[in-house]
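Right, one structure below, let's go through it.
The values are calculated or read from the model by the stated rules, or taken from the named source; none is laboratory data. In this text the structure is predicted, and so the values were computed from the model without any measurement. As a convention, Cβ positions derive from the backbone with ideal geometry for all residues, glycine included, and neighbour counts pool all protein chains shown.
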Amino acid sequence: MSGLSTAHSVVEPSATSKRVAGALVIAYALITLIPLLWIVLTSFKTPPDSIAYPPKLMFQPSIEGYCNLFTTRTRQTPEYLAAMPPPTGYCDRAVRSRNMVIAGPSNVIPRFTNSIIIAFGSTFLAVFLGTLAAYAFSRFRIPLKDDLLFFILSTRMMPPIAVAIPIYLMYRELGLSDTLLGMILLYTAVNVSLAVWLLKGFIDEIPREYEEAAMIDGYTRLQAFTKIVLPQATTGIAATAIFCMIFAWNEYAFAVLLTSGEAQTMPPFIPFIIGEGGQDWPAVASATTLFLIPIVVFTVLLRKHLLRGITFGAVRK
Amino acid sequence: MAEVALINATKRFGDVAAIGDVSLTVADGEFVVLLGPTGAGKTTTLRVIAGLETLDEGAVRIGGREVSKEAPALRDVAFVFQQYSLYPHLSVYDNMAFPLRSPTRRVPEDEIRRSITEIARMLHIDHKLQNKATRLSGGEMQRVAIGRALVRHPSIYLMDEPLSSLDAKLRQELRLELKRIQRDLGATMLYVTHDQVEAMTMASRIGVLKQGKLVQLGTPREIYEDPAETYVATRLGQPRINLMPRRLFPSLPTPSSAETIGVRTEHLKIDRHHQGAARVARIEHLGDQRYLHLSLEDHSIVTLAGHDTDLDVGDSVALQLERPLFFDRDGMRVRP
């Protein structure tokens, strides 16, 4: 076969097209990565450096932005500062040099914790429910299956913010406003449609003979599902989890509307930083930098599961 | 091992009856082969017995117990799928251990090890036990699939063309091996194939399926020598039985309703010393055999040429029919 059908086979790309493709990839990577790099650089600048014009590429690194992110500060007179005991650390010194004193910790740690709990909680729930639903849609004869699937997809058709007001009113009545549970449920509801559709595709590709073999081998359907289907669906589950995670982690509109204190997540919190004592761009940049880390780690950890084709091939087609 | 019976079993997919009113009893220790072309209902029959399909009508009995409503796991059957269906994330060893580790069985690990080692050696896959199931050739996968069934001692082994993707040598070897295992264990086996050699050599009885109906059930000899219709007659025999219109043999005494005369190659005598109506059209040399293509009026006849014949293309020969079979217009057998 292979020798006969060269006309339609994939041709090894030429050296020139490889170079052009490589250059395009590098250009694209630079365009997307430069803003991120700029944010990370800004987080290590002092406030004056961060607004210097022309922008500084070389500068004396400082963690003042991180100091400001993790603390709240009050402005004091130079006389008051002079009367204080000597500063106890880098942050203390940096803050005093701007005629301020540290008043206490900021809200960044609780907000960050909220983001983690809500993002992981809703991702877990959406993927869990999505996997079960996708399996059912893939394997069983369900009345009105196509309509149900379309209904599930249709929840994703309008922008979530279109239902923000009704949800706001509903949440206020139910006492779910500004609670972690409320946000987890909301993000789960938004993500579950994506999860069902993505995972159904993956599970459809797992031949049902595997479960049939397992059921004949003495297992119940649920046992066959956990022992046979789940291990083979890890690729799809990982991919789905990443998508759900990114949505829940980045979501801004609902978060700003439904959370104000207790359950506030990072996205609505970060803009607040700007207002505290002038435009503190290094603090904003350091918050953004920290905000990026979990999603990068999560994606890198699940990356190997995204490489497909490992588990396929033991059923003859 | 146990007796397994299908009683008036009907399974429909939409409007199509995949099997219709099939009754079949596989006696304890018997080896029954189901024969038929694609779409005849062979695989559905196996799946119904295994519990992978629920019957629309009729019943399945295993060891006298009605199991039509039971889950596959409780029926105690072993199934070898045509597509192997090895668990791709497990090693060969774990694949074979999988049924023994099931919650319904819970065989101790040292016993599992013993039986896997024994079966693996028999199937020549003992050096592959630690391989991933996906890192095997097609033939090895198929042997692992057979092995996964053989490590158990179920009521019945259901095998869906288990040797179909092996090369000729291995197929022959495993055919003998499977038959030996079946006899040694006294295993009840229902085996689907469209390979007539497997059917003839392995079966205690052969069931011939035609569009979901069991048209004939009997020993290989009965099916071969005494077919109930042309459909059954053409299932077995290489080269195929020759079916010819009655008018080609006006002098032959035939029952009145007979329309077609069937004659197998060993019952077709070629008399080259008499000028006859048949002409040698072509001779195929297959090494050990020679296929002789004859033309009789507008009809072609295929038979085997003996080693001593020195026939040539264009020769005219006379044909003599011994023990011809007669069939009516609908292909049903007519006995004189």
Quiz prompt | Candidate set from the stretch A:191-217 (those that are surrounded by fewer than 21 Cβ atoms within 10 Å (Cβ to Cβ) and assigned to a loop (DSSP other than H, G, I, E, B)); member that is farthest from the other protein chains (Cβ to nearest Cβ) | solution = A:GLU205
Practice problem: Report yes if B:ILE119 is in contact (Cβ under 8 Å) with a residue 12 or more places away in the chain and within 14 Å of chain A (Cβ to nearest Cβ), otherwise no. | Solution: no
Quiz item: Considering the stretch A:29-48 alone, what residues qualify as being in a helix (DSSP H, G or I), closer than 26 Å to A:VAL108 by Cα and not hydrophobic (A, V, I, L, M, F, W, C)?
Solution: A:PRO35, A:THR42, A:SER43, A:PRO47, A:PRO48
Quiz prompt | From A:THR188, A:THR155, A:THR220, A:THR179, residue being touching a helix residue (DSSP H, G or I) at 6+ places or on another chain (Cβ under 9 Å) and surrounded by 18 or more Cβ atoms within 10 Å (Cβ to Cβ) | solution = A:THR188
Practice problem: Residue by residue through the stretch A:191-218, note down the ones that are over 26 Å from the mean Cα position of the chain (by Cα) and in contact (Cβ under 8 Å) with a residue 24 or more places away in the chain. | Solution: A:ASP204, A:GLU205, A:ILE206, A:PRO207, A:ARG208, A:GLU209, A:TYR210, A:GLU211
Quiz item: Consider B:SER137 against the criteria (1) modelled with pLDDT under 90; (2) over 23 Å from B:ILE112 (Cα atoms); (3) within 16 Å of the chain's Cα centre (by Cα): it satisfies all of them except one. Which criterion is unmet?
Solution: (3)
Practice problem: Hey, can you tell me all the residues within the stretch A:219-266 that are part of a helix (DSSP H, G or I), over 20 Å from the mean Cα position of the chain (by Cα) and of a type in the set (Gly, Ala, Ser)? | Solution: A:ALA224, A:ALA233
Self-check item: Boolean, B:ARG148 is crowded, with 24+ Cβ neighbours inside 10 Å and more than 24 Å from B:LEU6 (Cβ to Cβ)
Solution: yes
Quiz item: Here is a list of conditions, (1) in contact with a strand residue (DSSP E or B) (Cβ under 7 Å, 6 or more places away or on another chain); (2) touching a residue at least 24 places away in the same chain (Cβ under 8 Å); (3) surrounded by 18 or more Cβ atoms within 10 Å (Cβ to Cβ), and B:GLU57 meets all of them except one; can you say which number that is?
Solution: (3)
Quiz prompt | Output for the stretch A:49-79, where each listed residue is surrounded by 10 or more Cβ atoms within 10 Å (Cβ to Cβ) and in a helix (DSSP H, G or I) | solution = A:ASP49, A:SER50, A:GLU64, A:GLY65, A:TYR66, A:CYS67, A:ASN68, A:LEU69, A:PHE70
Quiz prompt | Residue ID - farthest from B:ARG152 (Cα to Cα), chosen from residues in the stretch B:83-102 that are of a type in the set (A, V, I, L, M) and either more than 9 Å from chain A (Cβ to nearest Cβ) or without any contact (Cβ under 8 Å) to a residue 40 or more places away in the chain (or both) | solution = B:VAL92
Quiz item: Which of the strands (runs of 3 or more DSSP E) contained wholly in the stretch B:265-315 include at least 2 residues that are among the β-branched types (Val, Ile, Thr)?
Solution: B:278-285, B:299-304
Quiz item: Among A:THR188, A:THR113, which is free of Cβ contacts under 8 Å to residues at least 40 places away in the same chain, part of a helix (DSSP H, G or I) and under 19 Å from the mean Cα position of the chain (by Cα)?
Solution: A:THR113
Quiz prompt | When residues of the stretch A:130-155 are limited to those that are outside any helix (DSSP H, G or I) and over 19 Å from A:GLU211 (Cβ atoms), the one farthest from the chain's Cα centre (by Cα) | solution = A:PRO143
Self-check item: Hits in the stretch B:122-139 (condition: within 14 Å of chain A (Cβ to nearest Cβ) and without any contact (Cβ under 8 Å) to a residue 24 or more places away in the chain)
Solution: B:ARG135, B:SER137
Practice problem: Kindly establish whether B:ALA40 is of a type in the set (A, V, I, L, M), away from every other protein chain (no Cβ under 13 Å) and surrounded by fewer than 21 Cβ atoms within 10 Å (Cβ to Cβ). | Solution: no
Exercise. Go over the candidates A:LEU174, A:LEU149 one by one and state the one that is without any contact (Cβ under 8 Å) to a residue 60 or more places away in the chain and closer than 30 Å to A:ILE228 by Cβ.
Key: A:LEU149
Exercise. Answer yes or no: is there a residue in the stretch B:3-21 that is of a type in the set (A, V, I, L, M, F, W, C), buried (at least 16 other Cβ atoms within 10 Å of the Cβ), modelled with pLDDT under 90 and over 18 Å from the mean Cα position of the chain (by Cα).
Key: yes
Quiz item: Which one of these is without any contact (Cβ under 8 Å) to a residue 12 or more places away in the chain and polar (S, T, N, Q): A:THR240, A:THR265, A:THR235, A:THR226?
Solution: A:THR226
Self-check item: Index of the failed condition, B:PRO227 passing every other in (1) surrounded by fewer than 21 Cβ atoms within 10 Å (Cβ to Cβ); (2) in the same structural domain as B:GLY29 (by TED's automatic domain parsing); (3) in a loop (DSSP other than H, G, I, E, B)
Solution: (1)
Quiz item: What number of residues within the stretch B:44-72 are more than 26 Å from the chain's Cα centre (by Cα) and facing chain A (nearest Cβ under 9 Å)?
Solution: 1
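The rows are residues; the columns are (1) among the hydroxyl-bearing types (Ser, Thr, Tyr); (2) modelled with pLDDT under 90.
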| position | (1), (2) |
| --- | --- |
| B:VAL144 | no, no |
| B:ASP160 | no, no |
| B:SER165 | yes, yes |
| B:LEU174 | no, yes |
| B:GLU177 | no, yes |
| B:ARG180 | no, yes |
| B:ILE206 | no, no |
| B:GLY212 | no, no |
